[in-house]
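Chemist: Mind having a look at this structure? Questions to follow.
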């Protein structure tokens, strides 16, 4: 167990404990059984590499493991467009949230709403909600809080609306059809440091080795999960906008970001976004949310 202290809701200190290694439990309950086990998910591997998942589950050195990657039936090259702005907002700038809100508003205008914005922190989501609210946009904006079921149902029922979300919304939510025709990811989903990460860091000789072996693969899997909110059926069409300055061509996480996502068209032009939406959407799409 890893023991650590945290501040509670009343400002006091509480002692917490978390299992440091789940492989022993997995081995006793699953891997040592005589029956076969099938492990399946859309996010077990990055590309065709299962190494990180096998490390976490104690299967890296197990010679019985047979791997298989099935090709997706979705035509991402035709139905999806990746937007990477030429000059994305930089988080170190004092006007970061103003610039980010302006970029998101421009994308909403290009795609006629129909958007899901996935944040990595509640603070960022709150800052953008406030700024978008001041812009008098024509689309209703929802924020995913504790009442997730009620809010997501409202989002689905209001054509052209926008949903700002974080945390659990990166996985498990299903928005098929035109509901999410624009998926915006302001920041790459790197996990926040915690007690388990600190313990894991000690197993690697350098910080760089730890980042490459653990932090980046975990980000890639989380990014794949978020991307999965965009295309849910074979006929879905969507623009995926990643606004993190570290993911632009030539920056340190561009290759890792591209390796995590399927092959698709990419652009840095809002005009291309507009052209794509007009090409893949029917006439009724552009009347939604404009009444």
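The values are calculated or read from the model by the stated rules, or taken from the named source; none is laboratory data. Given the structure is predicted, the values throughout are model-derived calculations rather than measurements. As a convention, Cβ positions derive from the backbone with ideal geometry for all residues, glycine included, and neighbour counts pool all protein chains shown.
Chemist: Determine whether residue 112 is within 18 Å of residue 238 (Cα to Cα) and touching a strand residue (DSSP E or B) at 6+ places or on another chain (Cβ under 6 Å).
Modeler: no
Chemist: Please work out if residue 227 is surrounded by 19 or more Cβ atoms within 10 Å (Cβ to Cβ) and modelled with pLDDT under 90.
Modeler: No: the conditions fail for residue 227.
Chemist: Ok, one more. Can you list residue pairs whose Cβ atoms sit under 7 Å apart, with the first residue in the range 19-30 being closer than 13 Å to residue 59 by Cα and the second being assigned to a loop (DSSP other than H, G, I, E, B) and at pLDDT 85 or above? Count only pairs 6 or more apart in sequence or on different chains.
Modeler: 23/58; 26/58; 27/58; 30/37
Chemist: If you scan the range 97-116, which residues turn out to be outside any helix (DSSP H, G or I) and under 17 Å from residue 229 (Cβ atoms)? Quick ask: steps written out before the conclusion?
Modeler: Kept after step one, since they are outside any helix (DSSP H, G or I), are these residues of the range 97-116: 112-116.
Hits for the range 97-116 are 113, 114, 115, 116.
Chemist: While we're on this one: Out of the residues in the range 171-196 that are at pLDDT 85 or above and assigned to a helix (DSSP H, G or I), which is farthest from residue 89 (Cα to Cα)?
Modeler: 177
Chemist: Could I ask something else about it? Please pick out the residue among 241, 266, 259, 195 that is farther than 30 Å from residue 156 by Cα, touching a strand residue (DSSP E or B) at 6+ places or on another chain (Cβ under 6 Å) and assigned by TED's automatic domain parsing to the domain that holds residue 120.
Modeler: None of the other options fit; the residue is 195.
Chemist: Could I ask something else about it? If the requirement is being out of contact with any helix residue (DSSP H, G or I) (no Cβ under 6 Å at 6 or more places or on another chain), in the same structural domain as residue 145 (by TED's automatic domain parsing), touching a residue at least 24 places away in the same chain (Cβ under 8 Å) and within 26 Å of residue 154 (Cβ to Cβ), which of these qualifies: 86, 118, 100, 82?
Modeler: 100
Chemist: Evaluate the range 270-281: report whether one residue or more is over 19 Å from residue 229 (Cβ atoms), part of a loop (DSSP other than H, G, I, E, B) and assigned by TED's automatic domain parsing to the domain that holds residue 184.
Modeler: No: the range 270-281 contains no residue that is over 19 Å from residue 229 (Cβ atoms), part of a loop (DSSP other than H, G, I, E, B) and assigned by TED's automatic domain parsing to the domain that holds residue 184.
Chemist: Additional query: Here is a check on your reading of the model: is residue 129 in contact with a strand residue (DSSP E or B) (Cβ under 6 Å, 6 or more places away or on another chain) and outside any strand (DSSP E or B)?
Modeler: Answer is yes for this residue.
Chemist: Right, another one. Given the criterion touching a helix residue (DSSP H, G or I) at 6+ places or on another chain (Cβ under 9 Å), part of a helix (DSSP H, G or I) and exposed (fewer than 13 other Cβ atoms within 10 Å of the Cβ), identify the matching residue among 168, 209.
Modeler: 168
Chemist: Based on this model, can you work out whether residue 155 counts as assigned by TED's automatic domain parsing to the domain that holds residue 233 and without any contact (Cβ under 8 Å) to a residue 40 or more places away in the chain?
Modeler: yes
Chemist: Considering only residues of the range 230-248 that are in a loop (DSSP other than H, G, I, E, B), modelled with pLDDT of 95 or more and touching a helix residue (DSSP H, G or I) at 6+ places or on another chain (Cβ under 7 Å), which is nearest to residue 285 (Cα to Cα)?
Modeler: The selected residue is 237.
Chemist: With respect to residue 24, is the statement that it is surrounded by 10 or more Cβ atoms within 10 Å (Cβ to Cβ) and more than 24 Å from residue 217 (Cβ to Cβ) true?
Modeler: Spelling it out, it is not the case that residue 24 is surrounded by 10 or more Cβ atoms within 10 Å (Cβ to Cβ) and more than 24 Å from residue 217 (Cβ to Cβ).
Chemist: Scan 2, 46 and give me the residue that is in contact with a helix residue (DSSP H, G or I) (Cβ under 6 Å, 6 or more places away or on another chain), over 19 Å from residue 70 (Cβ atoms) and either assigned by TED's automatic domain parsing to the domain that holds residue 219 or surrounded by 10 or more Cβ atoms within 10 Å (Cβ to Cβ) (or both).
Modeler: On the way: 46 fails: over 19 Å from residue 70 (Cβ atoms).
Checking each option against the conditions leaves just 2.
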